[in-house]
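Engineer: Quick one: the structure is below, questions incoming.
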Amino acid sequence: MKIAGIFRQMIQNYSPEELDLAQEQLDSPGKDCVAACFQNLLSHKDDKIYCEHLLADFQVDVQKQLSKYRILIKLGPMLGLMGTLIPMGPALVGLASGDIVSMAYNMQVAFATTVVGMAVAAIGLAALQMNKRFYARSFNDLDFVFQKITAQ
């Protein structure tokens, strides 16, 4: 079961037993930052200040995870623009010398790199939005767990 589903079920039917069940389901090697934060919250539930620090660290980890998508969003158009401008020089030389075939080929490369750069940015944006929603929901769920376990 995915992390969001495990949290949804645990929160809808909240009880100490559901909390233990969620902990068992999320206890696996190589866990991601959400599962790791959840496990750490449960391990340190008696120390409220440490748990608050864990949640703050979780937000930093999320920003680190999201940075790769932000890089795609920014680098895609930059590289696309570079790929557009570089073949424009030979295309203009081909135009000046009357070599239409060379000009057409270089223009084709220029436009193709623009499209590829924008496609990379679009993929990065879609992935960023999807992951931002997941991590926002996860933070909300982790904060709920924190409030519940430290209130006891």
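Engineer: Exactly one condition in (1) surrounded by fewer than 17 Cβ atoms within 10 Å (Cβ to Cβ); (2) at pLDDT 95 or above is false for L128; which is it?
Structural biologist: Against the list (1) surrounded by fewer than 17 Cβ atoms within 10 Å (Cβ to Cβ); (2) at pLDDT 95 or above, L128 comes up short only on (1).
Engineer: Can you tell me which condition S102 does not meet? The list is (1) over 20 Å from the mean Cα position of the chain (by Cα); (2) under 30 Å from I6 (Cβ atoms), and all the others hold.
Structural biologist: Going through (1) over 20 Å from the mean Cα position of the chain (by Cα); (2) under 30 Å from I6 (Cβ atoms) one by one, S102 breaks only (2).
Engineer: Same structure again: Here are M118, M130: which of them is farther than 23 Å from I49 by Cβ, in a helix (DSSP H, G or I) and without any contact (Cβ under 8 Å) to a residue 24 or more places away in the chain? Can you show your working first?
Structural biologist: Working: M118 fails: without any contact (Cβ under 8 Å) to a residue 24 or more places away in the chain.
Matching residue, one of M118, M130: M130.
Engineer: Moving on. Determine which member of the set L75, L81 is more than 18 Å from the chain's Cα centre (by Cα) and of a type in the set (A, V, I, L, M). First the steps, then the outcome.
Structural biologist: Working: L75 fails: more than 18 Å from the chain's Cα centre (by Cα).
Every option except L81 fails the conditions.
Engineer: Scan the helices (runs of 4 or more DSSP H) fully inside the range 1-96 and keep the ones with 1 or more residues being buried (at least 17 other Cβ atoms within 10 Å of the Cβ) and either touching an Asp or Glu at 6+ places or on another chain (Cβ under 7 Å) or at pLDDT 90 or above (or both). Walk me through how you get there before you give the answer.
Structural biologist: Values: elements: 3-12, 16-26, 33-43.
Those helices (runs of 4 or more DSSP H) span 3-12, 33-43.
The values are calculated or read from the model by the stated rules, or taken from the named source; none is laboratory data. These numbers were taken from a predicted model, which means no experiment stands behind them. Neighbour counts are summed over all protein chains in view; Cβ atoms, including those assigned to glycine, are modelled from backbone coordinates with ideal geometry.
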